[in-house]
Each structure stands twice: as C-alpha cells, then as structure tokens.
1. May I have the pair-distance distribution P(r) for the chain, computed from all Cα-Cα distances with 10 Å bins from 0 and rounded to whole percent?
2. Return the percentage of antiparallel bridges among DSSP beta bridges fully within the stretch 9-70, rounded to the nearest 5 %.
3. If contacts are Cα pairs under 8 angstrom and at least 6 residues apart, what is the relative contact order of the chain in percent?
4. Only four residue types carry charge here, +1 at the Cβ of Lys and Arg and -1 at the Cβ of Asp and Glu. Report the dipole size of the chain about the Cα centre in Debye, rounded to the nearest 20.
5. Mind listing the phi-derived Karplus ³J(HN,Hα) values for the stretch 32-41, rounded to whole Hz, using 6.51, -1.76 and 1.60 with θ = phi - 60°, and x for any glycine or proline?
Amino acid sequence: MTASLLVQGRGIWAHHHELEKHSVCKIGRHPDNQLRINDQNISGRHAEVLYDGKRWLVRDLGTTNGTFLN
C-alpha cells in the first residue's frame, strides 16, 4: 500500500509528500522535519504520520492549535 499526504494552507500553497511504511513522517516548522511547513500557525514539531502495520495514523505532538484532518 502506498500513501501520500497533501497539506493545504489558507492561501494557495500546498505540500504533497509521499509516505513510506517503515518510517515516521514528522511535520512542522523546524528544519529537521521531513515535511517542513513555514507557517506561524504550525509548531516547530507539530505532528507525525506513521503506519502501524494495518493503517496510517496521524498524531498531534501536543500543539496549541491542534491537528485537523479532512
């Protein structure tokens, strides 16, 4: 199973990122993240996406603004 993540902001920007089953995709403003989003509403270490062997999971990393899926 392959999967990808499409992250859209309030404006016209969007990020498309291919996900790998055997790794964790970390998302946030910090340069060490696999998916870096330079937006003031995104925490340095905001969320992560991982595969647990059966399904894809999104985990908020304790952010103030939360993480929302559509």
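1. Pair shares across the bins are 20, 57, 22, 1.
2. Taking every DSSP beta bridge within the stretch 9-70, about 80 percent pair in antiparallel fashion.
3. For the chain, the relative contact order is 21 percent.
4. 80
5. 6, 6, 5, 10, 8, 10, 8, 9, 4, 8
No value in this document is a laboratory result; all are computed from the given coordinates. In this text the structure is predicted, and so the values were computed from the model without any measurement. Virtual Cβ from ideal backbone geometry, glycine too; neighbours counted across all protein chains shown.
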